Amino acid sequence: MAARPYWSGQIRLALVSIPVEIFAATKPGAQLHFNQIHKPSGKRIAYEKVVPGVGPVNRDDIIKGYQIAKGEYVLLEEREIEAVKLESKRTLELVQFVDADEIDPLYFEKPYYVAPKDQLAEEAFVVLREALRKAKKVALGQLSVRGSEKLVAIKPCGKGLLMETLRYADEVRAGRAFFSEIDDLTPDDELLDLATTLIDKRTAPFDAGEFENRYVDALRALIDRKAKSKTGKAIIEETGEPSGRGSNVVDLMAALKKSVGTTGAAPAKKPASKKAAPAKKAAPAKKGAAPKRKRA
């Protein structure tokens with residue numbers, strides 16, 4: 001079954017328009033969904049839409065309302081909301097270009113793949129992709145989808161483009177408020193060298209496939225045991241105390257020395273099947289301010 005586009009429209013660069021389709025680059029991982037159950041009867045709890053003083057209501061009688069005062073709402077029908085004219089509903093205009101490392105990672109939200117809509121769009125699409133690659137720039141723009149306008153960044157990705165939605169400035173908290181209590185300390189050289197050695201020993205090329213969701217596996221095992229149990233009693237596992245609990249600054253030197261002496265490669269789900277290529281050193285990222293672009 002072909003994937004459904006997240007958004008379909010055109011990318012516009014000055015007078016050039018490129019018909020494109022945008023697809024989600026991620027999918028839900030392994031996870032378990034629980035239902036709420038009435039414990040005495042073992043039956044699933046149902047939910048009804050109710051109005052105080054009226055009771056259950058028909059779904060067709062529900063519309064959206066924006067509260068302007070306590071108990072007072074402006075009511076809007078779906079067709080009114082859909083009729084709001086916003087060019088970015090069908091056109092993603094590239095309005096600015098920046099270096100990739102100018103955007104702080106805090107602002108990145110979710111990735112999407114961008115592909116040309118048809119063969120007629122391919123030539124202009126490839127020109128844009130290669131121009132971005134040659135200039136080593138990221139394009140910024142805005143698009144409207146599913147009831148909101150997103151700030152987005154676009155960059156080359158193999159034969160296509162990768163679009164990442166960005167958070168607006170008012171959606172990101174400044175870290176200063178959380179770090180203000182940290183003292184301005186200069187670490188001891190020997191402690192710093194030991195910590196750096198420990199990091200070097202655990203450095204390996206990133207491979208997301210080497211990690212698995214152990215919590216989901218443990219939950220599945222618990223559900224399986226509970227399903228086979230005839231007693232109905234709770235199954236509580238003793239997890240014990242974390243191995244590092246109770247350590248303090250006095251123990252830091254000894255702990256680091258012991259770690260450097262005993263730590264091998266980075267922990268992984270399983271040994272890699274083939275030798276990985278040496279990791280390339282990434283250029284240090286520059287933290288920049290969020291692109292200043294007003295919402296429409």
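The values are calculated or read from the model by the stated rules, or taken from the named source; none is laboratory data. If you're wondering where the values come from, they're calculated on a predicted model, not measured in any experiment. Positions of Cβ are backbone-derived with ideal geometry, glycine not excepted, and every protein chain shown enters the neighbour counts.
Remarks
- Being out of contact with any Cys (no Cβ under 8 Å at 6 or more places or on another chain), in a strand (DSSP E or B) and not assigned by TED's automatic domain parsing to the domain that holds Leu151 holds for only one residue in Leu75, Leu92, and it is Leu75.
Residue-by-condition table, conditions (1) closer than 29 Å to Lys64 by Cβ; (2) surrounded by 14 or more Cβ atoms within 10 Å (Cβ to Cβ); (3) touching a His at 6+ places or on another chain (Cβ under 9 Å):
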site: Glu80; (1), (2), (3): yes, no, no
site: Glu93; (1), (2), (3): yes, yes, no
site: Tyr113; (1), (2), (3): no, yes, no
site: Leu120; (1), (2), (3): no, no, no
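- Every residue from segment 30-60 that is touching a residue at least 12 places away in the same chain (Cβ under 8 Å) and farther than 17 Å from Ile223 by Cβ: Lys49
- If the condition is being part of a loop (DSSP other than H, G, I, E, B), surrounded by 10 or more Cβ atoms within 10 Å (Cβ to Cβ), at pLDDT below 90 and touching a strand residue (DSSP E or B) at 6+ places or on another chain (Cβ under 7 Å), then segment 7-56 contributes only Lys49.
- Qualifying residue in segment 192-201 (condition: under 19 Å from the mean Cα position of the chain (by Cα), in a helix (DSSP H, G or I) and more than 21 Å from Gln10 (Cβ to Cβ)): no
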